[in-house]
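Provided herewith is a single structure, encoded as structure tokens, for subsequent inquiry.
Derivation of every value follows stated rules applied to the coordinates shown; laboratory data play no part. Predicted, not measured: the structure shown is a model, and the values here were computed from it. FYI the Cβ positions are ideal-geometry reconstructions off the backbone, even for glycines, and counts take in every protein chain you see.
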Amino acid sequence: MHQKILDICKRRGIVYPSFEIYGGVSGFYDYGPIGARIKHNIEELIREYYIIDEGCWEVECPVISPAQVWIASGHIENFADMMTECLNCGEPYRADHLIEKHLNISCDGMSINQIHELIEKNDITCPKCSGKLDAVYDYNLMFETEIGPGKYKQTAYLRPETAQTTYLSFRRLWEISRRKLPIGVLQIGHSFRNEISPRQGMIRLREFSQAEIQFWVEPEHKEHERFDEVSDIEVKIITGENEEITTTLGEAVKRDIIKIQIIAYFLGKSIRLFGDMGINQEKLRLRQHTDEERAFYSADTWDIEFMSSNFGRIELVGISDRQDYDLSAHMKLSKQDMRVNYNGKKFIPHTIEVAYGIDRPIYCVLESCYRSDRTYFRFPKKIVPYLVGVFPLVRKDDLPKKAIEVFKALKKEKFYGFYDQTGSIGKRYARADEIGVPYSITVDYQSMEDDTVTIRNRDTKEQTRVKIDELVAYLRSST
Ligand code: GAP
């Protein structure tokens, strides 16, 4: 199935490897004409959930930031993976991944020395040429660059997460909020990680998109007033013992499995959001990070993972209690006061972060919506690249002219659609289905007599005859 999805993705312009004419570079993917529309719609859905429904703001910050930002945040010191190289062929490897694959154990929390010893003790060699592996060392994942020329030159980095750039304007956002908490701020944009061996297609990229929401809250108020709206959602949770339990979010909070209510709220909201994107909710499960694997900035992190038939578990979102780690860190280095006076107290707000990747969920949407019977994507209408295709039944007797009129009328109403008159009508339906277009509108001979068209439904293949005058209302009521 995976290969078939990849074939359609390349052939129909959903996603494909970047820089293909120069042989490609691992970890970079282009979104083609169809994929870019789907990505846009998924980002809009996230905005609907967080800007409209949750009342967050949106900001957009630079992707390049001066070194101070990443010194303060701890990324220069801590944002590294353990790497080794083959002494014979030079192939680089993530040392922990090699061991995990070889010995089927988790390396979370292990030191460089422990990893190195495991490689030596178990005679783990280069999977490519069986050469001996070099000493293990920390490899920082940030891309380094420079800002400015000559004496103005300063070291800078491409951001490995959007979050940090949102924190930098906390003081300003606090003033804009008229000094009230909570404040929720969404940022959607590109992040960059120089991954050691990105061999998993869209799952591990060196340049990828994130949608990260930072909620600044009072340290002792980590509840959410709308928790009731998600408390009945049934979830699968992987416990520390690697056992799967099924419960509701309400029960999970009651039983102290999820200790922070606002984290449980955003887990529930994310499950709904992923369902609305078209991701199979049956394949989602929640997992709390162990103390050893948790990122250096987090006091508690929960992931939602998708069980992919091709890649195994894929982390789609991480929801963390970053406490006052980041704001304190920037206060220390920048000497700018990040404390607020609120409800009679002076404190640094705590950050609850909801960190979505965009590319991984898109892969999971593709895997979930793919239907092998007729080779098509059953995308939900909210994320389809086009809502309609408009076709003349044949290319003669003025049918194309009328079909173009219908197409123009739909364009005027701002529907995303396309016009196609090439090939048999069956082939055109199949092409539209393949990229998930829910409605195919056909102008036939009857249209010339009574100003009606047929609307074919992608999922049922049923055709309904509708008056051209009523087409807009029909499409609006069906979306
Ligand atoms: N600000 C917190 C943060 O960046 P993360 O768990 O490292 O947390 C958040 O990343 C999300 O970004 C992940 O759940 C994943 O969906 C996405 N992501 C992270 N690294 C990625 C990569 N190399 N390629 C594609 N997506 C990635």
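Quick check for me: using +1 on Lys/Arg Cβ and -1 on Asp/Glu Cβ, what's the dipole size of region 60-177 about its Cα centre, in debye to the nearest 20?
Here the size comes out at about 400 debye.
Still on this structure, please answer the following. For the pair Val394/His2, report the inter-label distance in nm, with labels modelled 7 Å from Cα in the Cβ direction.
So the label points at Val394 and His2 sit 4.7 nm apart.
Given region 58-211, report the % of alpha carbon pairs whose separation exceeds 25 Å.
46 percent
In degrees between 0 and 90, to the nearest 10, how far off the longest principal axis of the chain does helix 359-369 point, with axes built from Cα atoms?
The angle comes out near 40 degrees.
Step through the residues of region 320-335 one at a time and calculate ³J(HN,Hα) from phi using the Karplus curve (6.51 cos²θ - 1.76 cosθ + 1.60, θ = phi - 60°), rounding each to whole Hz and writing x for Gly and Pro.
Going residue by residue, I get 10, 9, 8, 6, 9, 3, 6, 5, 5, 4, 6, 5, 5, 7, 7, 6 Hz, with x marking Gly and Pro.
Can you work out ³J(HN,Hα) from phi for every residue in region 44-58, in order, using Karplus 6.51 cos²θ - 1.76 cosθ + 1.60 and θ = phi - 60°, giving whole Hz and x for Gly and Pro?
Result, rounded to whole Hz: 5, 5, 4, 4, 4, 5, 9, 8, 6, 6, 9, x, 7, 9, 10.
For region 161-177, just list the computed ³J(HN,Hα) in residue order, Karplus coefficients 6.51, -1.76 and 1.60, θ = phi - 60°, integers in Hz, with x standing in for Gly and Pro.
Per-residue couplings from phi come out as 8, 6, 3, 4, 6, 5, 4, 4, 9, 3, 4, 5, 5, 4, 5, 4, 6 Hz.
How large, in Å, is region 80-140 by the Kirkwood hydrodynamic radius built from its alpha-carbon pairs?
After inverting the mean inverse Cα-Cα distance, the result is 11.3 Å.
Kindly rank 158-165, 410-417, 62-69 from highest to lowest mean number of other beta carbons found within 10 Å of each residue.
Order by mean packing, descending: 158-165, 62-69, 410-417.
Which order, highest average first, do 284-293, 114-123, 15-24 follow once you tally other Cβ atoms within 10 Å for each residue and take the mean per peptide?
284-293, 114-123, 15-24
Give me the dipole magnitude in Debye, nearest 20, for region 386-478 about the Cα centre, with unit charges on the beta carbon: positive for Lys and Arg, negative for Asp and Glu.
340 debye
Label Ala295 and Ser130 with points 7 Å out from Cα along Cα→Cβ: what is the distance between them in nm?
In this crude spin-label approximation the distance works out to 4.1 nm.
If you don't mind, there's one more thing I want to ask. Between the helical axis of 2-11 and the dominant principal axis of the chain, each derived from Cα atoms, what acute angle in degrees is found, rounded to the nearest 10?
60 degrees
Sequence-distant or interchain residues sharing an amide H contact under 5 Å with Asp300, placed H: which?
Answer set, sorted by chain and number: Asp321.
Which pairs in the list Lys259/Lys283; Lys236/Lys259; Lys269/Lys345; Lys180/Lys346; Lys402/Lys461; Lys4/Lys101 are over 19 Å apart, alpha-carbon to alpha-carbon?
Lys259/Lys283; Lys269/Lys345; Lys402/Lys461; Lys4/Lys101
Give me the dipole magnitude in Debye, nearest 20, for region 80-140 about the Cα centre, with unit charges on the beta carbon: positive for Lys and Arg, negative for Asp and Glu.
Dipole of region 80-140, to the nearest 20 debye: 200 debye.
Then there is this: Using Cα pairs under 8 angstrom and six or more residues apart, how large is the relative contact order of the chain, in percent?
Value for the chain: 13 percent.
Related question: Take the Cβ-Cβ distance between Asp108 and His40 as r, set R0 to 41 Å, and report the resulting FRET efficiency rounded to the nearest 0.05.
0.70
Suppose we keep just the alpha-carbon trace of region 386-478; what are its Rg and Dmax in angstrom?
11.8, 32
A further question follows. 222 nm [θ] for the chain, helices only, -39500 (n - 2.57) per DSSP H run of 4+, per residue, to 500?
Value at 222 nm, helices only, nearest 500: -9000 deg cm²/dmol.
Tell me which of Ile112, Ala135, His102 sits at the most positive position along the dipole axis of region 80-140, charges placed on C-beta atoms (Lys, Arg +1; Asp, Glu -1).
Of the candidates, His102 comes out farthest on the positive side.
Under 5 Å between amide hydrogens, which residues at least 5 positions from Tyr376 or on another chain qualify, with H placed 1.01 Å from N in the peptide plane?
Result for Tyr376 returns Arg371.
Over region 386-478, calculate the relative contact order: mean separation of alpha carbon pairs under 8 Å at least 6 apart, over the residue count, as a percent.
Taking the mean separation of contacting Cα pairs over the length of region 386-478, I get 29 percent.
Follow-up question, since we're still on this one. Find the Rg to Rh ratio for region 160-248, where Rh is the Kirkwood radius over alpha-carbon pairs and Rg uses the same atoms.
Dividing the radius of gyration by the Kirkwood radius yields 1.08.
Using only the C-alpha atoms of region 1-127, find the volume of their convex hull and express it per residue in Å³.
Measuring per residue, one finds 236 Å³ for the Cα hull of region 1-127.
Additional query: Give me the one-decimal Kirkwood hydrodynamic radius in Å for region 260-299, with the sum taken over alpha-carbon pairs.
11.8 Å
State the Cα centre-to-centre distance between region 261-316 and region 147-174 in whole Å.
If you average the Cα positions of each part, the centres end up 28 Å apart.
Right, next: Any idea what % of Cα-Cα pairs in the chain are farther than 38 Å?
Roughly 36 percent, once rounded to a whole number.
Which ordering of Trp174, Trp216 is given by a fewest-first count of other beta-carbon atoms within 10 Å?
The order, fewest Cβ neighbours first, is Trp174, Trp216.
While we're on this one: Under a 5 Å amide H to amide H cut-off, with H placed in plane at 1.01 Å, what residues pair with Glu91 once short-range neighbours are removed?
Counting only residues 5 or more places away or on other chains, the set is Cys86.
Moving on to the next point. In nm, give the distance between the simple-model label positions of Cys89 and Lys10, each being 7 Å from the Cα along the Cα-to-Cβ direction.
Simple spin-label model gives 2.2 nm for this pair.
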